[in-house]
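Okay, structure first, notes after.
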Amino acid sequence: MIAQGTGMTTLAAEPIWNVGKGLWFGDDASTVAPRVDSLFMFIFWVSTAFFLLIVGLIIVFVIRHRRLPGVAPQRSASHNTPLELAWTFLPMFFLAIMFVWGFRDYMYMHVAPAQAEEINLTARQWSWLATYDHGGSPTETMHLVDLDVPIIPVPKGRPIKVVLHSVDVLHAFWVPDFRVKIDVIPNRYTTTWFEATGGATQFDENGQPLPYTDHYLFCAEYCGNQHSQMAAIIRVMDEAAYQEAKAAMTNIWDGRSLEEVGQILAQRNGCFSCHSADGSAGTGPTWLGIWGKTETVRTRDGATETVTIDENYVRESIYDPGAKIVDGFANQMTPFTSEQIDDQELGAIIAYIKSLGGGSN
């Protein structure tokens, strides 16, 4: 878990309307975060002031002009031009400020600087896969609650442009500490960018400061059963550490066994969102001890039959998952294509499943 210190900001550096923003926002760890916070708090305090003014006047008028026995009601004015102009143009003035301010920050958030480094981010049920400009992808993970999520390294103080697409359903890229959110859509690309500032110092379990800061990445668009578990960690580090982390993203086949490569591929492709490797329950059958077992399955036409969990069944289940569903589980998996997982990668995944042991019926 992320242990975070207190990010102190001097009051002199904050606009007066930012008073109380700590009640609404957590750490601000990007250049866009203070912009979002300031506009939000300005709108909040303007709304609060008008709310109190209007409700206060209503209470005063109800008390002062309440109906009393023996007192004739006063004749109501048909209109009051100065008052009507005031309640039209005074709010319009504040709305104009909000519009110009919001449009300026919207353009800032959606137009990446020319020198920004690109990272491609692929979303699928229910995982994130980052691919860097040299073709590598991170292999390090962090255990959160009951699943391992990928760690995506980014440099501190340098703009990063994120090019996003989905291979299945609608998702949303959301990093609360960066105040960045954008939809991730099938069959098209969307882009956003951020410049991470790191935010508050974070500490390890021994209370020692860490040389990096971690920030949660969530899917903010409901995308199925495991939507709440579609997470990742964005790790902000200095330039030297970032370049070292990128250099470590070499060909995953180098220096690793077939089983180790298969585990990395299973993690990257979101297999562990549904299938466990330790026997725990999931929305798909656990892989622990499944190899060689005989299972009852439902075919696409509703018939039942028995199959052996072997190379052919795994291959079919990856490329055509709805063909034979293990009894007791739903047909919810998005099919992979041979371009997404080729024969060599398929062989590695099969080797990894085999390494988890075989069962007997």
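The values are calculated or read from the model by the stated rules, or taken from the named source; none is laboratory data. Treat the numbers as computed from the prediction; the structure is a model and nothing was measured. As a convention, Cβ positions derive from the backbone with ideal geometry for all residues, glycine included, and neighbour counts pool all protein chains shown.
Please go through region 270-299 and give me each residue that is over 30 Å from Leu129 (Cα atoms) and either in a loop (DSSP other than H, G, I, E, B) or in contact (Cβ under 8 Å) with a residue 60 or more places away in the chain (or both), ordered by number. Gly292, Lys293, Thr294, listed by residue number. For region 225-265, the set of residues classified as within 22 Å of Tyr212 (Cα to Cα), among the hydrophobic types (A, V, I, L, M, F, W, C) and surrounded by 17 or more Cβ atoms within 10 Å (Cβ to Cβ) consists of Ala231, Ala232, Ile233, Ile234, Val236, Met237, Ala245, Met249, listed by residue number.
Applying the set (1) more than 30 Å from Gly198 (Cα to Cα); (2) loosely packed, with under 15 Cβ neighbours inside 10 Å; (3) of a type outside the set (Lys, Arg); (4) touching a Gly at 6+ places or on another chain (Cβ under 7 Å) to Ala281 leaves exactly one unmet item: (4).
Does any residue of region 138-151 turn out to be on the phi > 0 side of the Ramachandran plot, within 41 Å of the chain's Cα centre (by Cα) and not small (Gly, Ala, Ser)? Checked region 138-151: at least one residue is on the phi > 0 side of the Ramachandran plot, within 41 Å of the chain's Cα centre (by Cα) and not small (Gly, Ala, Ser).
With respect to being among the hydrophobic types (A, V, I, L, M, F, W, C), over 20 Å from Val167 (Cβ atoms) and modelled with pLDDT under 85, Ala241 falls outside the description.
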